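A.B. asks: For reference, the structure I am asking about is given below.
Please treat every number below as a calculation from the coordinates, not as lab data. Model, not experiment: these values are computed from the prediction. Using ideal geometry, Cβ is built from the backbone for each residue, glycine included, and neighbour counts are taken over all protein chains shown.
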Amino acid sequence: MAFTTILYETRGHTACITLNRPEKHNSISHAMVDELAVAYKQAEEDPNVWTLIVTGAGTKALCTGADVGSWSKDGHGGSKPGQETRGFPLLSTSWQWDAPQEASPPYLQMAKPIICAVNGMAAGAGLDLVTTCDIAIAADTATFFDPHVSIGIVSGREMVRLARVLPLGATMRLALMGKQERMTAQRAYELGLVSEIVPQARLMERAWETAEMINKNAPLAVRGTRLAIRKGLSLPVYEAELLAESHRLRVAHTDDAVEGPKSFMEKRAPNWKAQ
């Protein structure tokens with residue numbers, strides 16, 4: 001598929017998806033939603049890709065949420081009576097019964113780790129790229145905010161996800177203050193929304209470095225660990241422990257589980273095969 005709203009690049013065992021509408025602050029159009037779905041699937045199904053980076057083009061914005069101009073032409077969120085935003089009959093498709101994902105990776109279905117390189121503003125649905133990634137690295141110029149209530153829209157899925165990352169008070173401040181409140185990269189780091197801040201000019205270099213460090217580890221063990229943590233968050237502790245143990249046992253039967261201890265005893269770098 002030839003992409004028009006995103007870029008897709010691979011280096012070694014890492015793929016990078018770049019939202020590529022810098023003139024629109026990388027806001028999300030219908031075409032971008034379709035292309036991202038293809039790109040996420042491509043990265044997940046490519047056996048040579050072990051880690052994924054998501055970022056935005058330019059230095060101003062990671063993503064500022066939905067492109068209001070393309071989604072809301074009629075003043076009702078883009079929908080007419082009896083239709084949803086893309087013109088389908090209301091509730092005629094299975095995905096209309098689910099929470100809209102927009103730019104989000106299918107992070108609970110994907111096994112591979114996701115790094116988000118926050119190159120600028122992350123707003124509205126753009127915050128989903130931060131809350132659904134596994135490691136977020138921010139440029140020192142990055143900011144975080146949610147303008148939904150300032151344009152008359154309930155902030156739903158985005159704030160539910162954010163409330164599972166930030167303290168409730170910090171989430172409520174962003175949600176209820178709307179466009180009047182912007183969180184700095186430093187504050188996001190202090191609260192744990194991002195794990196590292198780097199100069200803007202070094203952001204992508206650091207993202208690729210981080211992916212390479214992840215890729216030095218056994219890829220199946222990394223995926224099992226990631227899934228155990230991610231899916232365990234929605235379970236009681238006992239069930240989460242059982243899920244984690246089931247992933248450990250699955251990976252214990254792979255070739256890489258033999259290669260790890262063997263390479264350690266032989267004092268050499270492991271030769272991971274992801275099998």
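A.B. asks: Within the chain, what percent of beta bridges assigned by DSSP are antiparallel, to the nearest 5?
C.D. replies: Here the antiparallel bridges make up roughly 30 percent for the chain.
A.B. asks: Arranged by the count of other C-beta atoms within 10 angstrom, fewest first, what order do Cys116, Cys16, Cys63 take?
C.D. replies: Fewest to most other Cβ atoms nearby, the residues stand as Cys16, Cys116, Cys63.
A.B. asks: Where does the stretch 103-237 land on the Kirkwood hydrodynamic radius, alpha-carbon pairs, in angstrom?
C.D. replies: 15.5 Å
A.B. asks: Continuing with this model, one more query. Arrange Met183, Met32, Met177 by Cβ neighbour counts within 10 Å, fewest through most, would you?
C.D. replies: With the sparsest Cβ surroundings first, the list reads Met177, Met183, Met32.
A.B. asks: Tabulate in residue order the Karplus-calculated ³J(HN,Hα) for the stretch 115-128, using 6.51 cos²θ - 1.76 cosθ + 1.60 with θ = phi - 60°, rounded to whole Hz; enter x for Gly and Pro.
C.D. replies: Once rounded to whole Hz, the list reads 10, 10, 9, 8, 8, x, 5, 10, 9, x, 5, x, 5, 4.
A.B. asks: In the stretch 219-265, what is the volume of the convex hull around the alpha carbon atoms, normalised per residue and reported in Å³?
C.D. replies: Cα-based convex hull of the stretch 219-265, divided per residue, equals 64 Å³.
A.B. asks: A follow-up question, please. Return an integer: the convex hull volume of the alpha-carbon atoms of the chain, in Å³ per residue.
C.D. replies: Residue-normalised Cα hull volume stands at 149 Å³.
A.B. asks: For the stretch 98-166, what is Rg from Cα atoms divided by 2.2 N^0.38 Å, rounded to two decimals?
C.D. replies: 1.10
A.B. asks: Next question. As a test of the formula, what do you get for the chain when each DSSP H run with n ≥ 4 contributes -39,500 (n - 2.57) and the sum is divided by the residue count, at 222 nm and rounded to the nearest 500 deg cm²/dmol?
C.D. replies: Helices in the chain give a 222 nm mean residue ellipticity of -11000 deg cm²/dmol.
A.B. asks: A further question on this structure: Around Val118, which amide H atoms from residues at least 5 apart in sequence, or from another chain, sit under 5 Å from its own amide H, with H modelled in the peptide plane?
C.D. replies: Residues meeting the criterion, in which the H sits 1.01 Å from N, are Ile137, Ala138, Ala139.
A.B. asks: Treat the count of other C-beta atoms within 10 Å as a stand-in for reagent exposure and order His253, His148, His30 from fewest to most.
C.D. replies: Least to most surrounded, the residues fall as His253, His30, His148.
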